[in-house]
Structures are given as C-alpha cells and as structure tokens.
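All remarks here apply to the structure that follows.
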Amino acid sequence: MGDIEKLQEVPLIIWILLAVVLLIQGSWIFYDASKRGENKWLWGLFGILNTPSNLIVYLIVTRIIFKTKECYKCGKNVKENALYCPYCGNKFEDDDRI
Ligand SMILES: [Zn+2]
C-alpha cells in the first residue's frame, strides 16, 4: 500500500471540488491584491497552491502586517504608515482616520 494507491481511493468529485475552491480562492486573492496595490500575480499564484492555509497567510500579511488605509483624496489604498500618498501626493496628517 503506497501513498498513490491511497490517493486513488479519494473520489473524483473531491478533487474537482478542491480545484474549484482553489480557483475561487486564487481569483479572490488576485482581485483583492490588485485592489490593494499588492503584487496580484504573485499573490494569485500563491492563492491557488493551497487552501485554506494560504488564504489565512494572505489575510494575515495584508490585514495585519501590511495594513493599509484609504487615501481620502484619491481613494487608493496606501500603506498605513505612509506620510504621502504615492498616487496623488496627498500628505497625511497624524490624526487621519483610516
Ligand atoms: Zn491619494
């Protein structure tokens, strides 16, 4: 009994479902990353490799480590600790709301 034989015991529908979940996850991460100005191709590829761990990693990295705020002038997402908006040059004050 090798690992390959065990893999063949898994019904095809499970693999199809897994593929669909990975595609949805990858597309969502791709869309979300492009919206946030992150590397969407890298993150999108990362998102179709594994579920749900890669989604959790993505959420931790983008929501906690690289937290962003919305520029109130142009509406683009910029790094939370940015002093200037890289898109429109707007200067952020210390009391800016996120
Ligand atoms: Zn801006």
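The values are calculated or read from the model by the stated rules, or taken from the named source; none is laboratory data. Quick caveat, the model's predicted, so the values are computed rather than measured. Cβ coordinates were reconstructed from backbone atoms using ideal geometry, including for glycine residues, and neighbour counts include every protein chain displayed.
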* **Pick from the stretch 65-81, criterion touching a Cys at 6+ places or on another chain (Cβ under 8 Å) and part of a strand (DSSP E or B), ranking: nearest to the ligand (Cβ to nearest atom)** => Val78
* Asked: Do we find a residue being within 12 Å of the ligand (Cβ to nearest atom) and modelled with pLDDT under 90 anywhere in the stretch 52-63?
  -> no
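Checking the structure you have, find out if any residue of the stretch 21-35 is part of a loop (DSSP other than H, G, I, E, B) and over 12 Å from the mean Cα position of the chain (by Cα).
Restricting attention to the stretch 21-35, the residues satisfying the condition of being part of a loop (DSSP other than H, G, I, E, B) are none.
The answer is no, given that none of the residues of the stretch 21-35 is part of a loop (DSSP other than H, G, I, E, B) and over 12 Å from the mean Cα position of the chain (by Cα).
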* Go through the residues of the stretch 31-48 one by one and say whether even a single one is among the β-branched types (Val, Ile, Thr) and modelled with pLDDT of 90 or more. => yes
* To do: Restrict the check to the stretch 47-62 and report whether at least one residue is in contact with a Leu (Cβ under 8 Å, 6 or more places away or on another chain) and among the small types (Gly, Ala, Ser).
  => yes
